[in-house]
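S.K.: Could you have a look at this structure, given as structure tokens, before my questions?
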Amino acid sequence: MTNYKLTYFDFHGGRGEPARIAFSIGGIPFEDDRVPFAEWEGRKAGTPFGSVPVLGADGQTLSQSNAINRYIGRQAGLYPSDPWEAALCDETMDAVEDVISEIASTMFLPEEEKKARREALAAGPIPFYLARLQQKLEANGGRYFAGESLTMADLKVAILIRMLRSGMLDHVPADLVDRRGA
Ligand SMILES: N[C@@H](CCC(=O)N[C@@H](CS)C(=O)NCC(=O)O)C(=O)O
């Protein structure tokens, strides 16, 4: 059996969370390596692209969250074998990644600039992506984003929605997801 180690920050959510959940759903043992923020600077240079998540697999290393999601998703039965359904799964994960990247780019801005950028995101791009994700979901029957069972795409969207609803993002209203007409 492969020895897996998933390295990500020590919080509930973010780019590393879908793989953590997939390990759990798939009953696949892994080392849950949670990096305290205070230790990150010392560990950053040792990662492939200066970022996490990073997956260790018997000493080999894989980075990039959606590559990890596909790889672990396959092991856990959460990634479609049908090529078209796999592409739909990828499409949704990449769309979520677009939103995450926009939000992440505001994290360390000076407060005034952060407020302006996040209010602009909440006024346009985030509701746009949510509405288009909703359309995609409905086009696939309304329950799953790809195929007829749970995939990594569903996990990735669920974690985004949970973050948006959590109120943890200053200047992004916690009820944004639930507003009608988004
Ligand atoms: N494209 C990468 C982006 C990874 C990324 O930016 N991760 C963030 C955490 S979600 C990070 O490592 N931030 C710390 C840093 O960039 O120093 C992926 O999808 O894994």
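The values are calculated or read from the model by the stated rules, or taken from the named source; none is laboratory data. Everything numeric in this text was worked out from a predicted model, so none of it was measured. Please note: Cβ atoms are built from the backbone with ideal geometry, for glycine as well, and neighbour counts cover all protein chains shown. Quick note on the areas: whole protein, heavy atoms, side chains included, nothing else; ligands and nucleic acids left out. Shrake-Rupley method; radii C 1.70, N 1.55, O 1.52, S 1.80 Å.
S.K.: Note down the magnitude of the dipole of segment 1-84 about its Cα centre, charges +1 on Lys and Arg C-beta and -1 on Asp and Glu C-beta and zero elsewhere, to the nearest 20 debye.
M.R.: 160
S.K.: Calculate the spin-label point distance for ARG165 paired with ARG132, positioning each point 7 Å from the Cα along the beta-carbon direction, and give it in nanometres.
M.R.: It is 2.3 nm.
S.K.: Right, here's the next one. Could you give the dipole magnitude of the chain about its Cα centre, charging the beta-carbon of Lys and Arg +1 and that of Asp and Glu -1, in debye to the nearest 20?
M.R.: Computed charge dipole of the chain: roughly 160 debye.
S.K.: Here's something else I'd like to know. I'd like the accessible area for LEU62: 1.4 Å probe, protein heavy atoms, all chains in place, Å² to the nearest 10.
M.R.: Roughly 60 Å² of LEU62 is accessible to a 1.4 Å probe.
S.K.: Still on this structure, I have one more. Gain in length, ASP58 to ARG117, computed as 0.36 nm per residue apart minus the alpha-carbon separation, to one decimal in nm?
M.R.: 17.1 nm
S.K.: Dipole magnitude of segment 100-163 about its Cα centre, charges +1 at Lys/Arg Cβ and -1 at Asp/Glu Cβ only, in debye to the nearest 20?
M.R.: I would put it at about 80 debye.
S.K.: Of all the Cα-Cα pairs you can form in segment 121-182, what percent are over 15 Å apart?
M.R.: 52
S.K.: For the chain, max minus min Cα coordinate along each principal axis, in Å, sorted largest first?
M.R.: Principal extents (Cα only, largest first): 48, 44, 22 Å.
S.K.: Quick one: Cα centre-to-centre distance for segment 145-182 and segment 69-140, in angstrom?
M.R.: Centre-to-centre distance over Cα atoms comes out at 9 Å.
S.K.: Where is the GNM fluctuation largest for the chain (alpha-carbon springs, 10 angstrom cutoff): ILE28, ILE126, ILE68?
M.R.: ILE28
S.K.: Rank LYS136, LYS156, LYS44 by mean-square fluctuation in a GNM of the chain with C-alpha springs under 10 angstrom and give only the top-ranked residue.
M.R.: Evaluated over the chain, the most mobile residue of the options is LYS44.
S.K.: Could you estimate the translational diffusion coefficient of segment 1-45 from the Stokes-Einstein equation, with Rh from the Kirkwood formula over C-alpha pairs, at 10 °C and 1.306 mPa s, in whole µm²/s?
M.R.: Result for D is 140 µm²/s.
S.K.: At 1.4 Å probe size, with the rest of the protein present, what percent of the exposed accessible area of the chain is carbon and sulfur atoms?
M.R.: 52
S.K.: If you don't mind, there's one more thing I want to ask. Filter the chymotrypsin sites (Phe, Trp or Tyr not before Pro) in segment 1-73 to those in DSSP coil with at most 16 other Cβ atoms within 10 Å of their Cβ, and list the result.
M.R.: Listed in order of number, the matching sites are PHE11, PHE49.
S.K.: Still on this model: Under a cut-off of 22 Å between alpha-carbon atoms, report the lysines in cross-link reach of LYS136, not counting same-chain residues fewer than 8 places apart.
M.R.: Counting by Cα, and skipping residues close in sequence, LYS136 has these lysines nearby: LYS156.
S.K.: Leaving out same-chain residues fewer than 8 places away, which lysines sit with a Cα under 19 Å from that of LYS5?
M.R.: Reachable lysines: LYS44.
S.K.: Continuing with the same structure: What residue among ASP154, ASP58, ASP98 shows peak mean-square fluctuation when the chain is described by a Gaussian network model with Cα springs under 10 Å?
M.R.: Of ASP154, ASP58, ASP98, the most mobile in the Gaussian network model is ASP58.
S.K.: Among TYR129, PHE37, LEU55, whose Cα projects farthest towards the positive end of the dipole of the chain, with charges put on the beta-carbon of Lys, Arg (+1) and Asp, Glu (-1)?
M.R.: Farthest towards the positive pole: TYR129.
S.K.: Given a 1.4 Å probe, how much area per residue of the chain is accessible, in Å²?
M.R.: 54
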